[in-house]
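First comes the structure, then the notes that go with it.
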Amino acid sequence: ELKEIVFIIQSQSNSFHSKRAEDLKRDILKQAADLGKELPTVLLIHEMDGHEGAWTILPLMRDFSVTYGRNSSWIFFCEEDTRIQVVKLLETLGRFDGSKEWFLGKALYDEESTIIHHYAFAENPTVFKFPDFAAGWALSIPLVNKLAKKLKSEPLKSDFTIDLKHEIALYIWQKGEGPHLTPVPEFCTDDVNSYKVDHCATTFSNFLPLCGEPVEKEDVFVAVKTCRKFHGDRIPVVKQTWEREAALIEYYSDYADISIPTIDLGVPNTDRGHCGKTFAILERFLNHSSPRTPWLVIVDDDTLISIFRLRKLLSCYDPNEPVFLGERYGYGLGTGGYSYITGGGGMVFSRIAVQKLLASKCRCYSTDAPDDMVLGMCFSGLGIPITHSPLFHQARPMDYPKGYLSHQIPVSFHKHWNIDPVKVYFTWLAPSTEESLNGKKVGYNREDL
């Protein structure tokens with residue numbers, strides 16, 4: 001029965017995202033009403049009280065077990081851009097015995113062991129499957145009850161949440177004692193208009209949101225963090241690739257080099273975190289850039305980014321709201337903790353967010369503290385939510401499953417390790433698949449990277 005499914009939308013409190021989640025909730029309830037069925041429960045994760053870490057889902061299992069453990073059969077999770085054919089979803093879940101422990105989804109796997117998964121299953125990473133959240137995924141109530149019981153006796157151990165879908169699958173798997181992910185072909189990430197979707201219970205169509213005209217080039221100020229030792233190898237890559245997309249760009253270093261040019265912020269370079277440098281950049285943006293520039297992007301010198309795509313994405317956000325946008329990680333979320341935007345993929349701030357942050361007097365506890373984590377702590381204390389976009393990436397394309405990247409138009413990648421960063425940019429991020437490089441047309445096949 002439809003009323004036995006609890007739908008959980010992995011929503012966010014930012015106005016753009018919460019509206020999309022509300023639209024999806026309305027659509028699910030309308031489909032249910034049109035079927036003449038008793039309406040299911042549809043919940044938005046960002047509205048669940050008392051959980052800064054609600055987005056990490058596992059801390060909610062005990063609540064789910066207590067509230068829905070007797071009268072429901074399935075908890076079905078989806079993203080705000082997952083589209084659901086309710087009749088087909090009912091048919092699909094109906095094939096599985098809801099009295100047993102089931103973990104269902106569209107399977108992703110690593111082709112090689114990767115840093116973002118702590119090099120798990122290094123001998124053969126393809127053996128471990130984890131769900132693509134975009135396609136939706138489901139837990140049977142017996143499994144929810146088991147997880148709730150386990151969480152009561154064994155609190156979550158990991159300090160960091162880096163890739164939630166992988167970490168949840170690992171927790172459920174329990175070193176081989178728990179169920180593996182069962183792949184469900186009806187959970188799809190094909191676009192809703194694709195000819196392939198006739199059999200699909202779910203589809204997905206959030207390649208790159210566009211909510212009107214892209215923001216103007218002059219509305220985005222780009223700050224590149226660098227240091228003297230990388231002027232010779234990393235900065236030329238920026239200049240060969242994405243610098244041309246930025247109207248307003250400055251390079252901040254520990255040394256003024258007029259050939260780039262870089263600006264010496266008077267903050268010495270550190271081998272650990274760059275909190276002092278980042279806060280100096282924030283102060284400079286507020287005090288020295290045009291007050292009419294609504295957006296600041298801070299990137300590392302080895303970040304590869306499409307400013308062209310970012311301008312499209314930013315058309316969806318209200319610069320009059322405090323926005324702190326990028327790829328979300330978590331620290332200590334099982335025990336209070338906070339979320340933060342990981343720096344390598346790029347951190348995007350609305351001017352109002354920078355104003356509120358600097359007015360708060362929340363600052364680095366040391367110059368070499370990790371800037372992204374301190375910012376997360378500060379914004380958490382201010383009650384300003386982190387806004388997550390999966391289009392920003394802390395690692396390289398090869399560090400992500402091909403199936404995961406196949407339904408994205410990415411905004412950024414990070415790091416130059418063992419790759420040709422210029423090639424990666426022109427393959428994944430350039431405004432079109434063929435870009436002119438030194439007068440030559442180049443086009444690369446993503447499969448090669």
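The values are calculated or read from the model by the stated rules, or taken from the named source; none is laboratory data. Predicted, not measured: the structure shown is a model, and the values here were computed from it. Neighbour counts run over all protein chains shown; Cβ positions are idealised from the backbone, glycine included. Please note that ligands, DNA and RNA were not included when accessible areas were found on the heavy atoms of the full protein model with its side chains. Shrake-Rupley method; radii C 1.70, N 1.55, O 1.52, S 1.80 Å.
Scanning segment 316-330 for residues that are under 26 Å from LYS415 (Cβ atoms) and either of a type in the set (D, E, K, R) or modelled with pLDDT under 95 (or both), which turns out least open to solvent (accessible area, probe 1.4 Å)?
Taking segment 316-330 as the starting set, the residues that turn out to be under 26 Å from LYS415 (Cβ atoms) are 323-330.
From what is left, the residues that are either of a type in the set (D, E, K, R) or modelled with pLDDT under 95 (or both) are 327-328.
Numbers: GLU327: 22, ARG328: 39 Å².
For segment 316-330, the residue satisfying everything is GLU327.
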**Item:** Subset of segment 336-369 [more than 21 Å from LYS312 (Cβ to Cβ) and among the charged types (D, E, K, R)]
**Value:** LYS356, LYS361, ARG363, ASP368
**Prompt:** Of MET347, MET377, which residue is closer than 27 Å to ARG62 by Cα and modelled with pLDDT of 95 or more?
**Reply:** MET377
**Message:** Give me the residue from segment 87-101 that is over 26 Å from the mean Cα position of the chain (by Cα) and among the hydrophobic types (A, V, I, L, M, F, W, C) and, out of that set, nearest to ASP34 (Cα to Cα).
**Reply:** VAL87
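Of the residues LYS361, LYS423, which is open to solvent by 10 Å² or more (accessible area, probe 1.4 Å) and outside any loop (DSSP other than H, G, I, E, B)?
On the way: LYS361 fails: outside any loop (DSSP other than H, G, I, E, B).
The conditions single out LYS423.
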**Asked** Considering segment 151-197 alone, what residues qualify as being part of a loop (DSSP other than H, G, I, E, B), within 21 Å of ALA138 (Cα to Cα) and open to solvent by 80 Å² or more (accessible area, probe 1.4 Å)?
**Response** GLU177, HIS180, PRO185
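If I ask for residues that are among the small types (Gly, Ala, Ser) and open to solvent by 10 Å² or more (accessible area, probe 1.4 Å), which ones from segment 274-315 would you list?
Across segment 274-315, the qualifying residues are GLY276, ALA280, SER289, SER290, SER315.
Applying the selection to segment 44-53, what residues are crowded, with 21+ Cβ neighbours inside 10 Å and either closer than 30 Å to ASP191 by Cβ or modelled with pLDDT of 95 or more (or both)?
Once the filter is applied, which keeps residues that are crowded, with 21+ Cβ neighbours inside 10 Å and either closer than 30 Å to ASP191 by Cβ or modelled with pLDDT of 95 or more (or both), segment 44-53 yields only LEU44.
From the list ARG272, ARG311, which residue is outside any strand (DSSP E or B) and more than 23 Å from PRO385 (Cα to Cα)? Working first, answer last.
Working: ARG311 fails: more than 23 Å from PRO385 (Cα to Cα).
Just one listed residue meets the conditions, ARG272.
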**Request:** Could you tell me whether any residue of segment 109-130 is modelled with pLDDT under 95, among the hydroxyl-bearing types (Ser, Thr, Tyr), open to solvent by less than 10 Å² (accessible area, probe 1.4 Å) and touching a helix residue (DSSP H, G or I) at 6+ places or on another chain (Cβ under 8 Å)?
**Result:** yes
